[in-house]
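Data first, discussion second: the structure below is written as structure tokens.
The values are calculated or read from the model by the stated rules, or taken from the named source; none is laboratory data. It should be emphasised that the depicted structure is a prediction, and the values quoted were computed from it without experimental measurement. Cβ placement follows ideal geometry from the backbone for every residue including glycine, while neighbour counts extend to all protein chains displayed. Ligands, DNA and RNA are excluded from the accessible area calculation, which covers all protein heavy atoms including side chains. Shrake-Rupley method; radii C 1.70, N 1.55, O 1.52, S 1.80 Å.
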Amino acid sequence: MAAATSPAHKTERLLNLVICLLYTRQPLAKQQIRAAVPQYAEVASDESFDRMFERDKDELRDLGIPLRTEAVDAFFDDETGYRIDQREYALPEITFEADELTVLGLAARTWQQASLGGPAAQAMRKLRAQDVTRDEASVLALEPRVRTTEAAFEPMKNAALRHQVVTFDYRKGRGAPEGRRLQPWAVTSWHGHWYATGFDLDRDAPRVFRLSRVVGAVRTQGKPGAYAVPDDHDAVAMIAATGDAGATTRARLQVRAGAGNTLRRSATDVRRVDDDWDELTVERTDLGALVAEVCGFGPAVLALEPPELVEQVGARLDALVAAHGGAS
């Protein structure tokens, strides 16, 4: 019961309600809304739904969202419907200062993988099944979802927001990790990877660092506000200019029998170890993508070589455990 009333559950419910009401150009009756929003469909009684919906309507209006009440049928006003007026919902033209743009840029990169997934997509399908006229252009990228289990992401992002120097160990290629001191300017997603851009204090020059290559902890140094981000900083252009495309990685994996089909299809060599395990050799030009693929199979796939793959898989799994409150 606690999960149903948690702040996260409420936020998701309100977001799905906004998506539902933006999605249509015609007012929706309460029962259509109840059928479309998963959290409403879970409510046991009509009375509980009515109370929840009334609270949610008030909250959306308090947030400044233009929720309109109209007749469902223009010729009969006996049934009330609801929608969000897109013209009132749209932002007017606005301008930002350089530091505000820095924060907004970071937020935009963080949320750029957003999509209509999970319960929101389920709501869309239900509305489509009811032949509700849809307006998908107005609801693109409304649901935020950050996809990263890299341990360096959170401390690097926080340091960039606070303008605080960080130190960390960084592995480039197959060499040993080297200590780096950085004034992080932004944390940005580009071509499926997360990068920190900033000023490398040891090399006295701007540099780009892929977060999946950070080894160990990211540590802050000194006080927040220690430096300023250049007004003309373009993180994407800076990352693109590095031409970051790693060399081919030849990896050796141990895969449980019957598992890892995508790995098996691309393997250059498959060798039976015993009745339970096979050993695969695969080649990838993107080590980070291979780390994610191996982790996706959980205990059914073990990384054996090269050492940087083993280390990054272990770090990502440790970060995943930490993000869920530690091992049970």
Filtered residue count, the stretch 194-206, keeping only those that are open to solvent by 20 Å² or more (accessible area, probe 1.4 Å) and under 16 Å from LYS157 (Cα atoms):
1
Since GLU283 meets every condition but one in (1) under 30 Å from GLU178 (Cα atoms); (2) crowded, with 16+ Cβ neighbours inside 10 Å; (3) touching a strand residue (DSSP E or B) at 6+ places or on another chain (Cβ under 6 Å), which condition does it not meet?
(2)
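Based on this model, can you work out whether VAL37 counts as under 24 Å from the mean Cα position of the chain (by Cα), open to solvent by less than 20 Å² (accessible area, probe 1.4 Å) and modelled with pLDDT of 60 or more?
Details: under 24 Å from the mean Cα position of the chain (by Cα): yes; open to solvent by less than 20 Å² (accessible area, probe 1.4 Å): yes; modelled with pLDDT of 60 or more: yes.
Yes: the conditions hold for VAL37.
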Test: THR262 is within 19 Å of ALA196 (Cβ to Cβ) and exposed (fewer than 15 other Cβ atoms within 10 Å of the Cβ):
no
Please go through the stretch 20-65 and pick out each residue that is over 13 Å from GLY81 (Cα atoms) and outside any helix (DSSP H, G or I).
VAL37, GLU42, VAL43, ALA44, SER45, LEU63, GLY64, ILE65
Are any of the residues in the stretch 309-326 within 20 Å of THR249 (Cα to Cα) and touching a Lys or Arg at 6+ places or on another chain (Cβ under 7 Å)?
no
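Residues are listed down the side, and each one gets a yes or a no for (1) more than 30 Å from ALA176 (Cα to Cα); (2) at pLDDT 90 or above:
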residue: SER212; (1), (2): no, no
residue: GLY216; (1), (2): no, no
residue: ARG219; (1), (2): no, yes
residue: GLY225; (1), (2): yes, yes
residue: GLY243; (1), (2): no, no
residue: ARG250; (1), (2): no, no
residue: VAL255; (1), (2): no, yes
residue: GLY258; (1), (2): yes, no
residue: ASN261; (1), (2): yes, no
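Taking the criterion of being assigned to a helix (DSSP H, G or I) and under 24 Å from the mean Cα position of the chain (by Cα), would at least one residue in the stretch 214-232 satisfy it?
So far as the stretch 214-232 goes, no, none of its residues is assigned to a helix (DSSP H, G or I) and under 24 Å from the mean Cα position of the chain (by Cα).
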Looking only at residues in the stretch 286-303 that are over 21 Å from HIS193 (Cα atoms) and open to solvent by 60 Å² or more (accessible area, probe 1.4 Å), which one is modelled with the lowest pLDDT?
PRO299
